[in-house]
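The values are calculated or read from the model by the stated rules, or taken from the named source; none is laboratory data. Every value quoted in this text rests on a predicted model; they were computed, and no experiment measured them. Neighbour counts are summed over all protein chains in view; Cβ atoms, including those assigned to glycine, are modelled from backbone coordinates with ideal geometry.
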Amino acid sequence: MASLLGELLFQISEQGPAPSKDFYHLGVTKSEVIWRWWKISLRSEYRNTQPGEVKESHKEFMNNTSLQHKVRVVFGESILQYVIGLCEGRFDYLDRMPDPLILRIMAFLGLREVLLLRCMSSKYKKLCDCDKFWEQTARCHWGNLTPEMESLANILGWKKTFIAYKQHEEEAEQQEKLEKEEDEQQEKLEKEEDEQQEEPQEEDEKQPVKAEQDEA
């Protein structure tokens, strides 16, 4: 899994909150946290201001509450916690996998899991909506596709085609289940009727035996 990690683990750039016009960049490598800033101002005293840069080890950043506060103000609490996690060695390996590999893994998820994954980030939303994902999901689910199915998918799109066929399968399974329950119920009723018919016959058979015993 370590091979999935490049030297640069994370980076983000953004303008500072109003009224500041300054621009900031935050980068995290395997060994350092890099904080850069550019002063943006029309005032003459800032005209020759040079960009600034601070580089700290992961351990130094974890102990630098002042720099953490700056990250929080510019990029928000969630980004700060994410950077702290990287400094502590908590890497999101899934996000670092190549898209084709992620798509292959996603093909084994159910539709409900795909919908949940789609809400996690813009990256997964894009992957969950792409035709490549739905095509490979359809091929994995159905095996060999007929030319008619492929032609329909190329017209409507693989996502719409797969969902339509999936809904049809689920409706067919539900119908089959209902029919099975009805058959079982019918069998039960027929069995009860047979048992009820056998009871009078047993009583009739007992009567002659009882009469013979009384005569004896």
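Take Cys87 and tell me if it is of a type outside the set (D, E, K, R) and over 25 Å from His25 (Cβ atoms). Here the answer is no, as Cys87 does not meet what is asked.
Checked against (1) under 30 Å from Phe23 (Cα atoms); (2) β-branched (Val, Ile, Thr); (3) surrounded by 15 or more Cβ atoms within 10 Å (Cβ to Cβ), Ile102 passes all but condition (1).
If you scan segment 114-138, which residues turn out to be part of a helix (DSSP H, G or I) and free of Cβ contacts under 8 Å to residues at least 24 places away in the same chain?
Of all residues in segment 114-138, those part of a helix (DSSP H, G or I) come to 114-118, 122-129, 131-138.
Listed by number, the residues that qualify are Val114, Leu115, Leu116, Leu117, Arg118, Ser122, Tyr124, Lys125, Lys126, Cys128, Glu135.
Only one entry of Arg36, Arg43 meets the criterion of being more than 36 Å from the chain's Cα centre (by Cα) and more than 30 Å from Pro100 (Cβ to Cβ), and that entry is Arg43.
Consider segment 70-99 and keep the residues that are touching a residue at least 60 places away in the same chain (Cβ under 8 Å) and crowded, with 16+ Cβ neighbours inside 10 Å. The one that is farthest from the chain's Cα centre (by Cα) is Val74. State all residues of segment 116-141 that are at pLDDT below 85, under 26 Å from Ile155 (Cα atoms) and of a type in the set (A, V, I, L, M); if no residue qualifies, say none. Hit for segment 116-141 is Ala138, nothing else. Set side by side, the residues Ser20, Ser41, Ser3, Ser66 differ, and just one is surrounded by fewer than 16 Cβ atoms within 10 Å (Cβ to Cβ), at pLDDT 95 or above and of a type outside the set (Val, Ile, Thr), which is Ser66.
Please specify each residue of segment 8-31 satisfying the condition of being among the aliphatic types (A, V, I, L, M) and farther than 16 Å from Phe61 by Cβ. Ala18 - this is the single residue of segment 8-31 that is among the aliphatic types (A, V, I, L, M) and farther than 16 Å from Phe61 by Cβ.
Summed over segment 100-149, residues that are of a type in the set (D, E, K, R) and over 11 Å from the mean Cα position of the chain (by Cα) total 9.
Does segment 67-90 contain any residue that is farther than 30 Å from Gln15 by Cβ and out of contact with any Lys or Arg (no Cβ under 7 Å at 6 or more places or on another chain)? Spell out the reasoning first.
First, pick out the residues of segment 67-90 that are farther than 30 Å from Gln15 by Cβ: 89.
Now narrow it down to the ones that are out of contact with any Lys or Arg (no Cβ under 7 Å at 6 or more places or on another chain): 89.
Yes, the conditions are met somewhere in segment 67-90.
Restricted to segment 103-113, and to residues that are assigned to a helix (DSSP H, G or I) and aliphatic (A, V, I, L, M), which residue is farthest from Gln136 (Cα to Cα)? Result: Leu111.
If I filter segment 79-115 down to residues being closer than 30 Å to His69 by Cα and acidic (Asp, Glu), which single residue comes out as modelled with the highest pLDDT? The selected residue is Glu88.
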